[in-house]
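Enquirer: Next up is a structure, given as structure tokens.
The values are calculated or read from the model by the stated rules, or taken from the named source; none is laboratory data. Fair warning: this is a prediction, and the values are worked out from it, not measured in the lab. Here Cβ is always computed from backbone atoms with ideal geometry, including for glycine, and neighbour counts include all displayed protein chains.
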Amino acid sequence: MSRTRTAAPALTAAPSSPSSPCPPGRPVPPFPPLRVSRGGHRLRRAVRRRRRALSAALAVVAAGLAVGGTQAQASRAAPPPQVKAQPAAVRPVSAPVRIADAATVRLLRPGDRVDVVAAERSGPPRLVAAGATVAEVPLPEAGVGDGGALVVLSVPRDTARDLVGAGATTRLAVTLC
């Protein structure tokens, strides 16, 4: 259904009288007619968008049900998992340890984390305590001639036993973590 219109001929204004206060009229140029659409394409576009959103939502729900259904079937066939008891909290104990190098101990502050190494003359050094927390650094004692310095470490009870045993037989050193 095609409508064709022909442009109207240009209208010319009638000449105005010389005594008229209005300026003389000018001709109106020809222009094509305006076509205003009804906006039906907007409605169609909105319906298409809703369909896409609805189909995407359905796909997500279907995927969720598929995964959830698989887990539910697997859990019905297998016995319930055994719940392991949490290990008892390890309470740290304070272990006074003599470190061979007094200058190294002066670098330590309470709250520092250190590794304690036992340096034996006949074998390679071995790690006695890993990640021990420095609890206290006592002031150096006057008259101690072996050149070491005391430090108090906060460690688990088993590690404290190892530290005391290693300190009695070998020289201990610390490294900052």
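Enquirer: Of the conditions (1) at positive phi; (2) modelled with pLDDT of 70 or more, P21 satisfies every one except a single condition; which number is it?
Expert: Condition (1) is where P21 drops out.
Enquirer: Somewhere in the range 24-39, is a residue within 30 Å of E141 (Cβ to Cβ), among the small types (G, A, S) and at pLDDT 65 or above?
Expert: no
Enquirer: Keeping to the range 101-127, report how many residues are hydrophobic (A, V, I, L, M, F, W, C) and in contact (Cβ under 8 Å) with a residue 60 or more places away in the chain.
Expert: Qualifying residue count, the range 101-127: 4.
Enquirer: The conditions are (1) at pLDDT below 90; (2) in a loop (DSSP other than H, G, I, E, B); (3) aliphatic (A, V, I, L, M), and A168 fails exactly one of them. Which is it?
Expert: Unmet for A168, out of (1) at pLDDT below 90; (2) in a loop (DSSP other than H, G, I, E, B); (3) aliphatic (A, V, I, L, M): (2).
Residue-by-condition table, conditions (1) among the aliphatic types (A, V, I, L, M); (2) at pLDDT 85 or above; (3) closer than 21 Å to G165 by Cα; (4) assigned to a helix (DSSP H, G or I):
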| residue | (1), (2), (3), (4) |
| --- | --- |
| P81 | no, no, no, no |
| V97 | yes, yes, yes, no |
| A118 | yes, yes, yes, no |
| P124 | no, yes, yes, no |
| G131 | no, yes, yes, no |
| A142 | yes, no, no, no |
| L150 | yes, yes, yes, no |
